[in-house]
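Here is the structure we will look at.
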Amino acid sequence: MSFKSALESGKFTVTAEVGPPKGTDIKKILHEAGMLKGKVDALNVTDNQSAVMRINSMSFCKLLLDMGQEPILQMTCRDRNRIGLQSDLLGASILGIKNVLCMTGDHPNAGDHKEAKPVYDIESVQLLQVVDGLNNGRDLMGNDLQGATDYYQGAVVTPEANPIEPQMMKFEKKVKAGAKFFQTQAIYDIDKFKVFMSDARKFPVKILAGLVLLKSAGMANFMNKFVPGITVPQELIDELKAAGKEKALDKGIDIMARHIRQLKDENICDGVHIMAIGAEDKVPAIMERAGLL
Amino acid sequence: MIITKKRDFKDLMENLRNYKSFFLIGCSECASLCGTGGEPELAAMKEALEAEGKTVTGTLLPKTGCQTLGTKIELKKDKEACAKAEAIIVMSCGAGTQSAVEIFPDKPVFPSNDSLFLGNMTRFQMFDERCSLCGKCVLDKTGGICPVTACPKGLLNGPCGGTDNGKCEVSPDIECAWVRIYERMKKTDQLEDFKKVLEPKDWSASRKPATLNTRDKKEEKK
């Protein structure tokens, strides 16, 4: 079943994420992707995440397709203008890529080419409009296409953004611009997430809760301090600490599995997006403990 | 105003190495307020050049350095001093420098400042960029705060995921433009406009080199 059909059928849908490496040696990522085959409904392929230059998303999406896996092409507006973005969207479409996640993209300041000229010719909301246009056979300028695309397009939202009001207004703009599904920034507080969902449920879109695997108490503290829009509650940090250094990762897997169970059992959202960040090999264990395999 | 910053004196001296005598041109407008090309800076530059064994044949503080014709007229009284100088040093912005380039077709012209941005003076000699001269103003739709300038990504439809307690992901010294816009539009009861999707910007409006002629065509013929 395709990612789109899975979500639309009401199945609790699972996506995970892989980040192509910097350089042409792809043994590791192929192995990780292979481990997830038949387990997740789709795999996001990041687009130069954190503005660090790597293999582009489209090429690795094509390799996934060849392996019989369903990719979600992540597309940011940082590195390409409206001509480049549309051209790549047409190109990805003829390769058979069906899903695209539209994002603005981290600023080059975060990455390893800080002197780069940031593009941002258009941004996430407008990129969603572009995809909608291409799906309907016309480009951004209204020119007719010789053959339309058929994308299932999604976007991101930060449920714990502070302040939340402008974030929710942007969420609504993304829905209007044609987003069909959302993968959220990492959430750790399910009660807070329920509040977000009670708002989000008013719109005809599918929501996958973003979950980042906690590998240690130190990592949780780091995210609280430095990653905007992510808050790891103190109870979880205490749990990781109590587990001790060697068992912290295992505890992190437990915590995520527990969250997935709750999200699914209480029918809080439509699925989860698992971000293991360097521990992709742990995704099957997470899914097993969550009762998804 | 155009915000300028003094260039390193050593770099300037490197540019001037082949010349001995100079005429200095400042500017009474922006460069005076920036402390880069007013009366005191002209005097200091004269002194510094003389200390390096150079000669200053004269100085002028024009009313508006980028007003090419006006500056040319003001320079008439300094005809002799200009003739004696081997090169011209302009202590204003890149526009002022290029006025001098036009006025002196046969002399080398050197800038003593870097031109940084169109800025607002927030306090004495403190400047912030608020307008990028993008050619198509969006202030009517963004509560009077320009996201093209104030947001490092120039976003037009709300904050990105990098916003954090009103701060920007690029630097905690930058206030999130879209949080500022949201707060202001909330206060001014304009949030209905905040919800409207802004279309991609027409960047052809800021294509370079820009030119504008507002003269009546009939008048031009006369």
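The values are calculated or read from the model by the stated rules, or taken from the named source; none is laboratory data. Please read these numbers as outputs of a predicted model, since none were measured by experiment. With ideal geometry, Cβ positions are generated from the backbone for all residues, glycine too; neighbour counts draw on all protein chains shown.
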Does B:T57 fit the bill of being of a type in the set (S, T, Y), over 17 Å from B:M121 (Cβ atoms) and touching a Gly at 6+ places or on another chain (Cβ under 8 Å)? no
Would you mind stating whether A:L63 is of a type in the set (A, V, I, L, M), in contact (Cβ under 8 Å) with a residue 12 or more places away in the chain and farther than 22 Å from A:A209 by Cα? yes
Just to be sure I understand, how many residues within region B:151-180 are modelled with pLDDT of 95 or more and within 19 Å of A:Q126 (Cα to Cα)? 12
Members of region B:177-205 found to be in a loop (DSSP other than H, G, I, E, B) and either polar (S, T, N, Q) or facing chain A (nearest Cβ under 9 Å) (or both), listed by number: B:T188, B:Q190, B:K195, B:K196, B:V197, B:L198, B:E199, B:P200, B:K201
When region A:1-49 is examined, which residues are found to be in a strand (DSSP E or B) and either within 19 Å of A:K282 (Cβ to Cβ) or without any contact (Cβ under 8 Å) to a residue 60 or more places away in the chain (or both)? A:V14, A:T15, A:A16, A:E17, A:V18, A:A42, A:L43, A:N44, A:V45
Do you know which residues across region B:52-106 are within 20 Å of the chain's Cα centre (by Cα), exposed (fewer than 14 other Cβ atoms within 10 Å of the Cβ) and not hydrophobic (A, V, I, L, M, F, W, C)? B:K63, B:E102
Criterion first (of a type in the set (A, V, I, L, M, F, W, C) and out of contact with any strand residue (DSSP E or B) (no Cβ under 9 Å at 6 or more places or on another chain)) does B:F110 satisfy it? no
Selection status of A:P233, under 30 Å from B:C168 (Cβ atoms), of a type outside the set (F, W, Y) and at pLDDT 95 or above: yes
Residues of region B:113-134 satisfying the condition of being out of contact with any strand residue (DSSP E or B) (no Cβ under 7 Å at 6 or more places or on another chain) and either in the same structural domain as B:A87 (by TED's automatic domain parsing) or at negative phi (or both): B:R123, B:F124, B:M126, B:S132, B:C134
Only unsatisfied item for B:K196, checking (1) touching a residue at least 12 places away in the same chain (Cβ under 8 Å); (2) outside the structural domain of B:G35 (by TED's automatic domain parsing); (3) touching a helix residue (DSSP H, G or I) at 6+ places or on another chain (Cβ under 7 Å), is (3)
Within region A:245-276, considering residues that are under 21 Å from A:E235 (Cβ atoms) and assigned to a loop (DSSP other than H, G, I, E, B), the one farthest from the chain's Cα centre (by Cα): A:E266
What residue, among those in region A:198-244 that are assigned to a loop (DSSP other than H, G, I, E, B) and of a type in the set (S, T, N, Q), is farthest from A:M168 (Cα to Cα)? A:S216
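Here's the yes/no breakdown for (1) closer than 16 Å to A:V100 by Cβ; (2) at pLDDT below 95; (3) charged (D, E, K, R):
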position: A:R138; (1), (2), (3): no, no, yes
position: A:Q146; (1), (2), (3): no, no, no
position: A:A155; (1), (2), (3): yes, no, no
position: A:E165; (1), (2), (3): no, no, yes
position: A:K176; (1), (2), (3): no, no, yes
What is the number of the single condition among (1) more than 14 Å from chain A (Cβ to nearest Cβ); (2) under 23 Å from B:A210 (Cβ atoms) that B:K107 does not meet? (2)
Matching entry among B:T163, B:T149 (being in contact with an Asp or Glu (Cβ under 9 Å, 6 or more places away or on another chain) and more than 8 Å from every other protein chain (Cβ to nearest Cβ)): B:T149
Within region B:24-45, is even one residue of a type in the set (D, E), part of a loop (DSSP other than H, G, I, E, B) and surrounded by fewer than 20 Cβ atoms within 10 Å (Cβ to Cβ)? no
Residue hits (region A:216-231; more than 19 Å from the chain's Cα centre (by Cα) and surrounded by 19 or more Cβ atoms within 10 Å (Cβ to Cβ)) are A:A217, A:M219, A:A220
